[in-house]
Structures are given as C-alpha cells and as structure tokens.
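**Q** Take a look at the following structure, please.
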Amino acid sequence: MELAYYSDYAVRLVNSEEPTRGKDALTSVEAVRGLFGGNQSAARRATEADVTRFRSVRGRLRAVFEAADGGDETLAVDLLNSLLLEFPVSPQISGHDFRDDDGRPLWHMHLADHPSNATAGYAAIAAMGLAFHLTEYGVDRLGLCEASPCRNAYLDTSTNRSRRYCSDRCATRANVAAYRARKRLEADRAGDSTLAADSAQRTTASGERLPGASGR
C-alpha cells in the first residue's frame, strides 16, 4: 500500500464536517468506525470516547488545509509537524501482494495501526499520509473547495495544479453559478444601454424645432 493512500484518511475526517452549513456527520461511534473504511480491525477499537477525540483531531487537520489554502506554507507545516510529534507512526514492511512471475511477496511500506486507541491510530496515519503528500507534491496541493458554501478539503493531483473544487458536482455548480452571473451582468448592461439610448433620443427630440417656428 503506497503512503499516498493514507492522505485520504485526513481528507475523509476533515470532510465529515461542513462548518458553513452547520453539518457534522461525526456524531456517533458508528460514524467514527465508518471513517476507517476497510480497516475493520482498527475500527472495532473505537469507543464513544473517540467521538470527541476525533473531532479534536479533525479541527487540527482542517487548520492545516486552511493554512495551505491561504498560502501560509510555514504555518501549514508547523501545524502538521505538531500532529506528527503527538501521533507518531509505526512503519512496517508488508508483503501481502504477490508478483506474478515468481510468487514472491511484493514488499512495500505499511503504516501499522497504533495500539493505544482508535483516535491515536487514525491520527497517526492521517498526519503521516498528509505529510507525505505535502512533501512529495507541495503545500499548494492542499486546498479547500471554492464552491460556496462548500469548504470541503481536497488533494490536488492534477498535472497543472489547477484543481479548485472538491468534486465534479461542486465544479459544475460553480460553473453554472458563474454562467448565470455573467448572463445577469450582460442583461443589466444591455438594459443600461437601452435606457441611455432612449434618454438620448428624448433629449434630441425635445431640442428639435419645428419648421417655420419662431424663435420667440
């Protein structure tokens, strides 16, 4: 399993809350367990106490994305480093996949689950995954969706660093909103031009003199 995979843990946790909409999906131990995806052995360790712990880690991870999205590279790194110090990882070499040619294991790095509690394990994996992504691709690859009111986190993996939205849905919504705004602006400008033309016509008409009219 590539280390880049673990960065999804951070995105998944941050996006369990939509602050601008006042929505929070992290309200039960079942929701916490759902964040682990297929890692059910780690998910089973979660208890009710992890709900509050996860929310705390979520706020700190969101702060990393906010700093990166705001262009404060040093702050983003400092915040992430504090998470790495508090939640150290336990790397292991794993070989559960096999090569096709000789049947030997396909060795790769794996981040082992932290044994103490579910939050510590998840936070260690999320922070390390995010750190790997940041150092490999750059701080500017961490972003927050520009489609208002969505502010979901995303990792930009585009070739030209052009991603601005967390999903195709948000990109479509933003494009439609921008199109409608342009049409309204064009309509307003057309209306203003019509009013100006009418006003000019009335001014011209009022200044014209009928043939044979006296100047008195």
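**Q** Restricted to segment 149-165, and to residues that are buried (at least 16 other Cβ atoms within 10 Å of the Cβ) and touching a residue at least 40 places away in the same chain (Cβ under 8 Å), which residue is farthest from the chain's Cα centre (by Cα)?
**A** Selected residue: C150.
**Q** Further question on the same structure: Is there any pair linking a residue in segment 65-80 that is in the same structural domain as D8 (by TED's automatic domain parsing) and surrounded by fewer than 20 Cβ atoms within 10 Å (Cβ to Cβ) to one that is in a helix (DSSP H, G or I) and of a type in the set (K, R), with Cβ under 6 Å and at least six apart or on different chains, and which?
**A** No pair meets every condition.
**Q** Could you count how many residues in segment 145-176 are in contact with a Phe, Trp or Tyr (Cβ under 7 Å, 6 or more places away or on another chain) and not in a loop (DSSP other than H, G, I, E, B)?
**A** Number satisfying all stated conditions: 3.
**Q** Report, by residue number, each residue of segment 9-56 that is in a loop (DSSP other than H, G, I, E, B) and touching a residue at least 60 places away in the same chain (Cβ under 8 Å).
**A** The answer is N15, L35, F36, N39, R45, A46, T47.
**Q** Let me ask you something else. Look at segment 1-46 and say how many of its residues are hydroxyl-bearing (S, T, Y) and in contact with a helix residue (DSSP H, G or I) (Cβ under 6 Å, 6 or more places away or on another chain).
**A** Number satisfying all stated conditions: 3.
The values are calculated or read from the model by the stated rules, or taken from the named source; none is laboratory data. Please read all numbers here as calculations on a predicted model, not as lab measurements. Using ideal geometry, Cβ is built from the backbone for each residue, glycine included, and neighbour counts are taken over all protein chains shown.
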